[in-house]
1. Express in nm, to one decimal, how much length is gained between Met29 and Glu173 on full extension, taking 0.36 nm for each residue of separation and deducting their alpha carbon distance.
2. Using 0.36 nm times the number of residues separating Val92 and Leu21, minus their current alpha carbon distance, what extension gain do you get?
3. Along the Cα→Cβ direction, 7 angstrom out, place labels at Val159 and Asn100. What is the inter-label distance in nm?
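Only the coordinates and a few stated rules stand behind these numbers; no lab work does. The structure presented is a predicted model; accordingly, all values stated were derived computationally and were not measured. Cβ placement follows ideal geometry from the backbone for every residue including glycine, while neighbour counts extend to all protein chains displayed.
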Amino acid sequence: MNNRSRFVPPLAAGLLLGSALALRFLWPMPEAGSSTRQPPPSVAVSTSTASEPAPVPSVTAAAKPEPVKLETQAQVGEGPRATVVPIGPGDVVPEPEVANPLPQENDPIEPEKPQTAAWRHEKMVRVTELLGRDVERLEQERKAAQTRGDETEARRLAVQLTRHQARLGKLREETEALKEAARQEEQAKAE
């Protein structure tokens, strides 16, 4: 199937839909009161002889149609109609809404836990562990790309691998520093 035949049916359907919508919105609409128009006044035909002139009907104010007033639901007094479902056993009738409800009491905000050196050390160990997994995964993907013969992918993965390894080295240094700080913090608490 060539590309042209794949685009023609959806394009034709779109054009047809667009033209139908354009006609719907641009076509002149019939007047709203056209169904309630009064019939034109009937003209009486006289059966008089040809020598007598027939009376000409005159258009008076009574013969002019009055403009039709459209009434909305609010003017008529009807509200929107709703489906009424009978209440069954076990149904709970909701309470009516209150204009000014009372403010709701929120739970108290718990104070933030102290970010001690031990806490930071645990977080850093977790981040280092996750980055170590990524380095292992990248090494496997790079080796797989080399065995497939995909040199561009292997180079891309090698660059990403070197960046991750550099970051992992920095994280390990920070982890060791935090480990020392956590140890000193524990000694200070013990004293």
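1. Numbers: separation 144, 0.36 × 144 = 51.84 nm, distance 7.79 nm.
Contour length minus the Cα-Cα distance gives 44.0 nm.
2. Details: separation 71, 0.36 × 71 = 25.56 nm, distance 4.54 nm.
Result for the pair: 21.0 nm of gain on full extension.
3. With each label placed 7 Å out from Cα toward Cβ, I get 6.5 nm.
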